[in-house]
Amino acid sequence: MDTILGGPELIDYGASLIKKGEIVAFPTETVYGLGASAYNEDAVKKIFIAKGRPQDNPLIVHISSPIDAAEIAIGIPDEAYVLWEIFSPGPLTLVLNKSNNIPDIVTAGYKTVGLRIPNNEIALSLINKSGLSLAAPSANISGRVSPTEAMHVYKDLHGRIPLIIDGGQCTIGIESTVLDLTKNIPIILRPGFITPEQIAESIGKVINHKGEIIKAESPGMKYSHYMPNCPCVSAVTTDSACELYDKNKNAIILGTNSFVESCGSRAVFRLGDNPSDCMKNIFKALRDSEELYSFIIIESFRDKHGYFALHNRLSKATKGITY
Ligand code: TXA
Ligand code: MG
């Protein structure tokens, strides 16, 4: 078989091949995919043969809009729509319960199906012009490195597939995050560009691929807070606090009594010598300091027992800058 390699002018031809039950390689923002109609068992078989892919590894179905999901998945939870709203089109694949419209070969016999809306004009146009959903794995020989340029696909698959549409280098370059939404708590099956923290911020909590539960901080916590209107950093030792003090004009050091005691004649604010006194005084100390000084140095409470809440607020004030 001859393999045609060309640019976006081949999208119409690609769509006609897909409609006829052929397979076509196309760019996405993550890696190149090798697509076939997700509804056509014989076409999907060609993907497994061209790649030498084991039959027990399910394929992701690519759609162009969440509206198309209802044909492919059933019982779609609200979380899916929230995630699509935020991350689609984009590098996130949602695993949902499969509808009977999708043949078992696509999902390797699983009752679930992976769905993704790629963020690439050529991919979206191929989906829209064929009027189909595309089952597509990465367009490499199974086990080889995923392709991020059309030539990578050509080297692996020329002679085995009829068409490669070249869309230049993939902008993201690693595969999508795969998130299973069929479990009690959503679980990341494959880490990717979209992080567990981003997912948790959107839907509350998620289990990362190491099995740890990642929870959203309370919603307000993602915004910048507690920011004094002059530069503010933290220092782990009194010595480094004094060094910073001496390098910056009109500075002040804030810390526990014992921390500031050996600061000599430098300007200091004594926060107290226990967590509750320090918490009581910290916001006043920041407000007073920003009125009178141009550079604030705060003792770092990162590893100090009992000061976790204080550290949390201060890490925002200092944007995490620690000396
Ligand atoms: O970024 C990507 O996801 C790229 C582009 C082309 O979209 N595709 C991709 O496909 O990486 P592939 O086939 O190389 O990897 C798909 C991954 C595999 O790890 C597969 O096991 C998992 O997704 N997967 C697909 N459907 C699944 C399902 N129903 N349940 C669990 N895992 C699934
Ligand atoms: Mg792959």
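The values are calculated or read from the model by the stated rules, or taken from the named source; none is laboratory data. All values derive from a computational prediction rather than experimental measurement. Here the Cβ is made from the backbone with ideal geometry for all residues, glycine too, and neighbour counts use every protein chain on show. What goes into the accessible areas is simple: the full protein's heavy atoms, side chains included, and nothing from ligands, DNA or RNA. Shrake-Rupley method; radii C 1.70, N 1.55, O 1.52, S 1.80 Å.
Bridges between two residues of the chain, per DSSP, are antiparallel at a rate of about 45%. Taking amide H atoms as placed 1.01 Å from N in the peptide plane, the amide H of Val268 lies under 5 Å from those of Ile253, each 5 or more residues away in sequence or on another chain.
Based on the reciprocal of the average 1/r between different C-alpha atoms, the Kirkwood radius for segment 119-270 equals 21.2 Å. Expressed as a whole percent, the accessible surface of the chain that belongs to carbon and sulfur atoms is 51, based on a 1.4 Å probe. For Thr93, the residues whose modelled amide H falls within less than 5 Å of its own, excluding neighbours fewer than 5 places apart on the same chain, are Thr177, Val178, Leu179.
Solvent exposure of segment 232-317 amounts to 53 Å² per residue of accessible area, where only protein heavy atoms count and the probe is 1.4 Å. Each residue of segment 257-274 is assigned a 3J(HN,Hα), and the resulting list reads 3, 5, 5, 8, 4, 9, 8, x, 8, 5, 6, 9, 10, 8, 7, x, 10, 8 Hz, derived from the Karplus form 6.51 cos²θ - 1.76 cosθ + 1.60 (θ = phi - 60°), x at Gly and Pro.
Stokes-Einstein, applied to the Kirkwood radius of segment 1-113 over Cα pairs at a viscosity of 1.567 mPa s and 4 °C, places its translational diffusion at 85 µm² s⁻¹. Under a no-solvent Debye model with one identical scatterer per Cα of segment 185-274, what's log10 I(q)/I(0) at q = 0.10 Å⁻¹? Results for segment 185-274 at q = 0.10 Å⁻¹ read -0.51.
Computed about its Cα centre, the charge dipole of the chain is approximately 380 debye, with only Lys, Arg, Asp and Glu carrying charge at their Cβ. Listed cross-link partners Lys98/Lys129; Lys19/Lys46; Lys20/Lys46; Lys215/Lys304 are compared with a 20 Å cut-off, the Cα-Cα value being larger for Lys98/Lys129; Lys215/Lys304.
Using a Debye calculation, one point per C-alpha and no hydration shell, please list log10 I(q)/I(0) for segment 232-317 at q = 0.16, 0.21 Å⁻¹ in order. Here log10 of I(q) over I(0) equals -0.52, -0.94.
Which percent, nearest 5, of DSSP beta bridges in segment 111-232 are antiparallel?
75 percent
Each other residue within a Cβ distance under 12 Å of Ile207 adds +1 if Lys or Arg and -1 if Asp or Glu, for a net charge of +2. Its Cα gyration tensor gives the chain an equivalent ellipsoid. The semi-axes, each the square root of 5 times an eigenvalue, are 55, 21, 15 Å from largest down. For Ile4, the residues whose amide H sits under 5 Å from its own are Leu163, Ile164, ignoring neighbours fewer than 5 places away on the same chain, with H placed 1.01 Å from N. For the pair Ser276 and Tyr13, a Förster radius of 56 Å applied to the C-beta separation gives a FRET efficiency near 0.20, rounded to the nearest 0.05.
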